[in-house]
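Structure first, commentary second.
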Amino acid sequence: MSGLTRSSDGLDERRRRILFRAWHRGMREMDLILGGFANVEIETLSDAELDAFEALLEPDDQKVFSWISASEPTPAEFDTPLFRKIRDFHLSGRGLPA
């Protein structure tokens, strides 16, 4: 899988930037988790969800991966409805390549 699988055509600048950053994390597992989620959900996220997504793109990949995989507790400031939506999306397998 080469990564970004949806076009950013039709997305506003902020969503294009988030989509790009979600697919260019540095840790392949996080590319697939965050990028896969962004491919499917980026168009429908509210401004508050976009804020939460941008915040989640800041910490180190290994930390975020440990929260998503529940090997470490998620800090309160990142345990948002959007984070739980991303984690549930990942656990459902919906973002996995065919």
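The values are calculated or read from the model by the stated rules, or taken from the named source; none is laboratory data. Everything quoted here is computed from the prediction, not taken from an experiment. Backbone-built Cβ (ideal geometry, glycine too); neighbour counts: all protein chains shown.
Structure notes:
- Flag if Lys63 is within 10 Å of the chain's Cα centre (by Cα) and among the basic types (Lys, Arg): no
- Residue within region 61-80 that is within 22 Å of Asp12 (Cα to Cα) and not charged (D, E, K, R) present: no
- Qualifying residue in region 68-91 (condition: more than 19 Å from Arg21 (Cα to Cα), in contact (Cβ under 8 Å) with a residue 12 or more places away in the chain and polar (S, T, N, Q)): yes
- Applying the criterion of being assigned to a loop (DSSP other than H, G, I, E, B) and surrounded by 14 or more Cβ atoms within 10 Å (Cβ to Cβ) to the residues of region 6-19, the residue that is modelled with the lowest pLDDT is Arg6.
- Region 38-51 - residue that is more than 14 Å from Arg17 (Cβ to Cβ) and among the aliphatic types (A, V, I, L, M) and, of those, surrounded by the most Cβ atoms within 10 Å (Cβ to Cβ): Val40
- The sole residue among Glu54, Glu72, Glu29, Glu58 that is surrounded by fewer than 11 Cβ atoms within 10 Å (Cβ to Cβ) and out of contact with any Leu (no Cβ under 9 Å at 6 or more places or on another chain) is Glu58.
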